[in-house]
Amino acid sequence: MSLNRARILLMLLAALCMLSLSVACGSSEDEDEEDEANGPTATTATKYAPTGNEGVVTGTVNFSGDAPEVKRIAMDQDPVCASSNPSAVAEDAVIKDGKLQNVFVYVKDGKTTEGNRPISGLSFDSPGQTKVLDQKGCQYVPHVIGIQTGQKLSVTNSDPTAHNVNALGQSNPKFNQSQPPSAPPIEKTFAQAETLIPVKCNQHPWMKSYIGVLKHPFFAVSGEGGAFEIKGLPPGTYTLEAWHEKYKPQTIQVTVGSKESKTADFTFASSSAALELEGGSLKILPALDLPMLGRH
């Protein structure tokens, strides 16, 4: 009887082993099929080599309707700020002569004429030039900055008072660092494209800035006259997006030929404001978490 029981136990163990092997193999096959369906785990982009046939897109960001009233910033909570920048104004909507400043204009998507390659399928060398975001007069300078993935960002403090640099990335790691006067620069790089990363100062709630991070170099920020310029575009058809912190994004499709210069103008309207105002300036904390600041 004991011998029969031993034989039965051995048979059961053998069956369990076979079942375990079958499940393991099936799981492996399923994973292989899933990998094949999803393609390679890492896509190798084609490195773009300039040909000399690149074009340029220039344009102006216009503003229609009644411009919001310019609002003064009260910096009384920090006497150093109040004395160093007594005429400070909010930069959430800088409009002069019907032109809108601080608009981030970039190639959102599109394909090149040669090879019909999507812009997302091309890789570009990171510039060796460091981008600088300064804190001067208790405001971020510039208010909006563009940078390429892998490019170095240097955050400096030119003020004789302490700041706290709080960057609220979603695709990129957040960082929140204090920076006393004369402290070394805070140096960062960003691995993922993200438009746009809001930056604030915990010690001075009126301070804010935005960092646009892209994998390619085709972006610009509109200046005082609303003008922008995007150079070095491979011939192709692209969607340009113009992003502003207060107004709804605008898009334009543009086709650039070999060595061609094209014009693409945007117009933002007072009726397209996406955020509510509080005391003449943006509600700092809610604005930092809105979906419109998502990544592309």
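The values are calculated or read from the model by the stated rules, or taken from the named source; none is laboratory data. Every value quoted in this text rests on a predicted model; they were computed, and no experiment measured them. All Cβ positions, even for glycine, are placed from backbone atoms using ideal geometry, and neighbour counts span all protein chains on display. Heads up: the accessible areas ignore ligands, DNA and RNA and are worked out on the full protein's heavy atoms, side chains in. Shrake-Rupley method; radii C 1.70, N 1.55, O 1.52, S 1.80 Å.
Residue-wise test of (1) acidic (Asp, Glu); (2) out of contact with any strand residue (DSSP E or B) (no Cβ under 7 Å at 6 or more places or on another chain).
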site	(1), (2)
Pro198	no, no
Pro205	no, yes
Pro217	no, no
Ala242	no, no
Gln253	no, no
Val256	no, no
Glu260	yes, no
Thr263	no, no
Ser271	no, yes
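If we keep just the residues of region 117-129 that are more than 30 Å from Ala183 (Cβ to Cβ) and among the hydroxyl-bearing types (Ser, Thr, Tyr), which is surrounded by the most Cβ atoms within 10 Å (Cβ to Cβ)?
Among those residues, the one meeting the criterion is Ser120.
For region 86-116, which positions are outside any strand (DSSP E or B) and buried (at least 17 other Cβ atoms within 10 Å of the Cβ)?
Answer for region 86-116, where residues must be outside any strand (DSSP E or B) and buried (at least 17 other Cβ atoms within 10 Å of the Cβ): Ala88, Ala90, Glu91, Asp92, Ala93, Val94, Gln101, Asn102, Val103.
State all residues of region 200-226 that are open to solvent by 60 Å² or more (accessible area, probe 1.4 Å), over 19 Å from the mean Cα position of the chain (by Cα) and in contact (Cβ under 8 Å) with a residue 40 or more places away in the chain; if no residue qualifies, say none.
Gln203, Pro205, Glu224, listed by residue number.
For region 130-152, which positions are in a loop (DSSP other than H, G, I, E, B), open to solvent by 30 Å² or more (accessible area, probe 1.4 Å) and not hydroxyl-bearing (Ser, Thr, Tyr)?
Scanning region 130-152 gives Pro142, Gly150, Lys152.
Can you find, within region 153-199, the residue that is most open to solvent (accessible area, probe 1.4 Å) among those that are among the charged types (D, E, K, R) and farther than 19 Å from Tyr106 by Cα?
Ranking the candidates gives Lys174 first.
So which of Ser271, Ser258 ends up being at pLDDT below 95 and outside any strand (DSSP E or B)?
Matching residue, one of Ser271, Ser258: Ser271.
When the residues of region 239-254 are narrowed to those that are open to solvent by less than 80 Å² (accessible area, probe 1.4 Å) and out of contact with any Phe, Trp or Tyr (no Cβ under 8 Å at 6 or more places or on another chain), which ends up modelled with the lowest pLDDT?
Result: Lys246.
Does Pro181 satisfy being more than 23 Å from Gly128 (Cβ to Cβ) and in contact with a helix residue (DSSP H, G or I) (Cβ under 6 Å, 6 or more places away or on another chain)?
Criteria not met by Pro181.
Can you find even one residue in region 227-237 that is part of a strand (DSSP E or B) and among the aromatic types (Phe, Trp, Tyr)?
yes
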